[in-house]
Amino acid sequence: MTSAVNWQMKWHVCPAYQKTRPATVFLADESQIPPGSYVIGIFDAPDQPNALGWHTEDAEGNVYGRVFANPTLDAGYKALDGEYSLTSILSHEVIEAYVDPTVSDWAMGNNGTLYAKEACDPVEADIYELHVGRKKTPVTLSNFIFPSWFDSSGNEPYDQLGKLSAPFTMTPGGYFIYIAPGSTQISQLFGAQYPDWKKETKKSELARTLRREVL
């Protein structure tokens, strides 16, 4: 899982965002974590009902997150490959922690709507496969949107898989967080094929909609 996400960050995400390429590594011992690292822990059971994963920043500026295995596996999906794999969820959280570590950035559309800078949500059901290691193990990773998605005048492509044709849009299995013009209410809009079991995960107290700040 970690090897696949590290490859994705190095060769796809970081070039798209033109940012420094961090190393994504697996550590079994917390004492080995270098200072200043973004730490994503992987747990069996969620700390809020049905949560799949989240990331945030604490009062000291430390960025951290969690990914939970049971909701995905209990829903009949796999750890490594296929849609909604645990690896794709890890991929999702690592990418979004990299793009918006403080969970506070917004982009404005032409009509004044604010869109949360969540780099995977609008295309989160879309995956692509990588073969890892000597055994060429198939692993699925999350699609993600490009900086052009957050720009009303941005040009294609808007996502890694080229599925979107305009900024501030989503694929059928995606969603986004937004604030309507003149409002301070944070809302969500789901794609036509967004699964009901995943909508339940957005009701958690740690869901992005409830954690995101209005600036």
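Every number here is computed from the coordinates shown, using simple stated rules; none is lab data. All of these numbers come straight from a predicted model, not from anything done at the bench. Every residue, glycine among them, receives a Cβ derived from its backbone with ideal geometry; neighbour counts consider all protein chains shown.
Summary of computed values
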quantity	calculated
Segment Asn70-Ala192, extension gain: residue separation times 0.36 nm, minus the distance between their alpha carbons	41.4 nm
Average Cα contact separation per residue, region 2-211, under 8 Å, 6 or more apart, as relative contact order %	17
Mean ellipticity per residue at 222 nm, deg cm²/dmol - from DSSP H runs of n ≥ 4 across the chain, formula -39500 (n - 2.57)	-4000 deg cm²/dmol
Highest to lowest packing among 55-62, 186-193, 147-154, 88-95, scored as the average C-beta count within 10 Å	88-95, 147-154, 186-193, 55-62
Beta bridges per DSSP with both ends in the chain, % antiparallel, nearest 5	80
Test item: Cα-centred dipole of the chain, Lys/Arg +1 and Asp/Glu -1 on Cβ, debye	460
Counted charge near Asp74, where neighbours are those whose Cβ lies closer than 13 Å (Asp, Glu -1; Lys, Arg +1)	0
Whole-angstrom gap from region 37-100 to region 153-197, using each part's C-alpha centre	20
Positive-end residue, the chain charge dipole about Cα centroid, Cβ charges, pick of Gly65, Val139, Gly36	Val139
Percent RCO, i.e. relative contact order, over region 16-81, from Cα pairs under 8 Å lying at least 6 residues apart	29
Theoretical FRET efficiency, 1/(1+(r/R0)^6), r = Cβ-Cβ of Glu200 and Leu161, R0 30 Å, to 0.05	0.70
Charge dipole (debye, nearest 20) of region 35-105; +1 at Cβ of Lys and Arg, -1 at Cβ of Asp and Glu	220
From the C-alpha gyration tensor of region 35-106, square roots of 5λ in Å	23, 13, 10
Loop-located trypsin sites (Lys or Arg not before Pro) in region 14-104, at most 13 other Cβ atoms within 10 Å (DSSP)	Lys19
